[in-house]
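Colleague: Starting off with a structure, shown below.
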Amino acid sequence: MKHIVLIGLSGSGKTTLGRMLAEETGVPVADIDAELEREAGMPIREIFERSGEPFFRDMEARAIRAAVSSENPSVIATGGGAVLRSDNVEALKGNGFLVFLDRPVELIANDLVYDKSRPLIQGAEKVYEMERRRRALYLEAADYVLKNTGGLEEALAELESLLDTMRRQMPEGCRYAVIGNPIAHTLSPAIHGAVFEAIGVSERYGAARISSRRLPRFADYARASGMRGFNVTIPHKHNIIALLDEVEEDAELCGAVNTVVIGKDGRMSGFNTDMGGLLASLRDAGVDYRGRNVLIIGAGGAARAIAFKAAREGAPEITILARRPEQAGDIASAARGLFQAVIHTGDMSPASMRAAARSADILINATPLGMSGIGADFSSLEFLEALPQSAFVCDVIYKPEETELLRAARELGHGTQNGLGMLIYQALLADELFLGRELDKPALFKHVGAAIGRPRKGKVG
Ligand code: NAP
């Protein structure tokens, strides 16, 4: 059963709710009427007028068959008359779950009053007549009747819950997963899959696009479904905290959780392995925070985690520069008093960047600047010239493999490292938490690196 199929009268909300559901869940929508209009290059009304209803119904039947035979699960919004042909219903039921959007005919007629594109009296009368002719067909075809009497949001929530039940949120059998929004390009299933395979754990690790609105429902699902853990990425690292039973100190400190472990009793515990992931990756390159001044560019979730870990691990001075310096100030205020480190903050003007670079031993970019697909990069990399020759430059970005920042730093003779090492190590640390045992991280790091593309080591300055 792959598709959710919306059936019901014209005006019952199929198109609007189909689009909303697609937007909310990432499941593509196939709007049959819209596809037919595109194919014919004219409105449905005109196809009827020019070629007659039987011609239109044949077109519709073909479009329905194409939609249900699609490999990828989708939301199919059918035209109001799709149920008139029993072979359409049969085809839809073969590979779909039919939801009758039962909007009372009075409400549909009432909506017509506000729809200036349709002649009021004729439209309203037609709706009553169609309802008389088709209601029994909708009810007979439906696997589920959704009363669309309240607002769209209410109906959407019910549809989402149906979809969740149908898809069980995860590809079947995944007791581990990563959740986020967007999630399409995540490397996590490949990384955790490679780890599980290497250590003989026969668990599947999935990925689910979960919108902020659906996060609480996902948490309930994860707790009740027998999932053992999940990773959390943008934009849920902070908001998941309120849904957990306990949060370890590091994660609480930086206000971000990227790993959730679910106990057998359903208790959910939050951890932050991003902090340890970067540390482990830097150590592989022979770089340690102890006694070294750290310059962090950016002041979001990753920067906060890096700043706290660097402070905890003995960096004497930490400078945080951000385009919104007050954001850097927030991190500094939270860290002051907890650690010995002196924390400076500032903006990202060329003068500030240059001044901060002069005393930095480790420079870390924790912004998306330079990341593939975002179309934004540092306006100038001149600040690199102010770095001491022995300084190490790290980018938390791993796509592209070498950002302009890393390329320029390498050409100036600095040791460099991209974010893939951090990504792999945070996953290995998460797996240790999921499985409750220590793993041979150096060996697995190499194994995963080979499986997904070797992390760029750079030269140690
Ligand atoms: P975030 O919370 O959204 O923070 C991003 C920071 O970058 C904010 O300070 C933001 O400033 C700043 N920023 C965004 N666009 C900018 C621009 N055009 N110019 C200047 N500053 C800009 O994100 P995050 O979770 O910290 O992640 C930051 C980066 O780290 C992302 O690229 C993410 O993919 C990467 N990351 C990598 C790993 C890994 O394992 N390698 C782990 C976590 C994160 P505003 O608040 O003003 O927008």
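Colleague: Filter the stretch 287-304 down to the residues that are open to solvent by less than 10 Å² (accessible area, probe 1.4 Å) and acidic (Asp, Glu) and list them by number.
Modeller: If the condition is that a residue be open to solvent by less than 10 Å² (accessible area, probe 1.4 Å) and acidic (Asp, Glu), then no residue fits.
Colleague: What pairs can you find where one residue is in the stretch 366-378 and at pLDDT 95 or above and among the charged types (D, E, K, R), the other is assigned to a loop (DSSP other than H, G, I, E, B) and within 6 Å of the ligand (Cβ to nearest atom), and their Cβ atoms are less than 9 Å apart, with a gap of 6+ or different chains?
Modeller: Between residues of the stretch 366-378 that are at pLDDT 95 or above and among the charged types (D, E, K, R) and residues that are assigned to a loop (DSSP other than H, G, I, E, B) and within 6 Å of the ligand (Cβ to nearest atom), the close pairs are Asp377/Leu369; Asp377/Met371.
Colleague: Next up: Looking only at residues that are modelled with pLDDT under 90 and under 19 Å from Leu146 (Cβ atoms) in the stretch 14-49, which one is most open to solvent (accessible area, probe 1.4 Å)?
Modeller: Only one residue tops the list, namely Glu23.
Colleague: Here is a list of conditions, (1) touching a helix residue (DSSP H, G or I) at 6+ places or on another chain (Cβ under 6 Å); (2) of a type outside the set (D, E, K, R); (3) outside any strand (DSSP E or B); (4) open to solvent by 10 Å² or more (accessible area, probe 1.4 Å), and Val261 meets all of them except one; can you say which number that is?
Modeller: (3) is the only condition that Val261 fails.
Colleague: Considering only residues that are open to solvent by 40 Å² or more (accessible area, probe 1.4 Å) and either acidic (Asp, Glu) or farther than 19 Å from Thr233 by Cβ (or both), which ones fall in the stretch 190-208?
Modeller: Scanning the stretch 190-208 gives Glu197, Ala198, Ile199, Gly200, Ser202, Glu203.
Colleague: Considering only residues that are farther than 20 Å from Arg214 by Cβ and at pLDDT 95 or above, look in the stretch 246-262 and name the one that is nearest to the chain's Cα centre (by Cα). Spell out the reasoning first.
Modeller: We begin by selecting, within the stretch 246-262, every residue farther than 20 Å from Arg214 by Cβ; these are 246-255, 261.
Then drop every residue that is not at pLDDT 95 or above, which leaves 246-248, 261.
Numbers: Glu246: 23, Val247: 22, Glu248: 24, Val261: 19 Å.
For the stretch 246-262, the residue satisfying everything is Val261.
Colleague: Hey, another quick one. Can you name every residue in the stretch 158-188 that is open to solvent by less than 40 Å² (accessible area, probe 1.4 Å) and modelled with pLDDT under 85?
Modeller: Leu159, Glu160, Leu162, Leu163, Asp164, Gln169, Met170, Cys174, Ile183
Colleague: A further question on this structure: Which residues, counting only those in the stretch 65-90, are buried (at least 19 other Cβ atoms within 10 Å of the Cβ) and farther than 23 Å from Lys126 by Cβ?
Modeller: If the condition is that a residue be buried (at least 19 other Cβ atoms within 10 Å of the Cβ) and farther than 23 Å from Lys126 by Cβ, then Ala67, Val68, Ser74, Val75, Ile76 are the ones that fit.
Colleague: Just to verify a result, which residue in the stretch 209-248, among those that are closer than 27 Å to Gly453 by Cα and in a strand (DSSP E or B), is most open to solvent (accessible area, probe 1.4 Å)?
Modeller: Per the stated criteria, the residue is Arg209.
Colleague: Quick one: Asp288 ticks every box in (1) farther than 18 Å from Ala366 by Cα; (2) more than 15 Å from the ligand (Cβ to nearest atom); (3) touching an Asp or Glu at 6+ places or on another chain (Cβ under 9 Å) except a single one, so which number is it?
Modeller: Against the list (1) farther than 18 Å from Ala366 by Cα; (2) more than 15 Å from the ligand (Cβ to nearest atom); (3) touching an Asp or Glu at 6+ places or on another chain (Cβ under 9 Å), Asp288 comes up short only on (1).
Colleague: Could you please let me know if Met275 is within 13 Å of the ligand (Cβ to nearest atom) and modelled with pLDDT under 95?
Modeller: Taking the combined requirement at face value, the residue satisfies it.
The values are calculated or read from the model by the stated rules, or taken from the named source; none is laboratory data. Values in this document were obtained by computation on a predicted structure and should not be read as measured data. For neighbour counting, all protein chains shown are included, and Cβ atoms are generated from backbone atoms with ideal geometry for every residue, glycine included. Note: accessible area is taken over every heavy atom of the protein model, side chains too, but ligands, DNA and RNA are not part of it. Shrake-Rupley method; radii C 1.70, N 1.55, O 1.52, S 1.80 Å.
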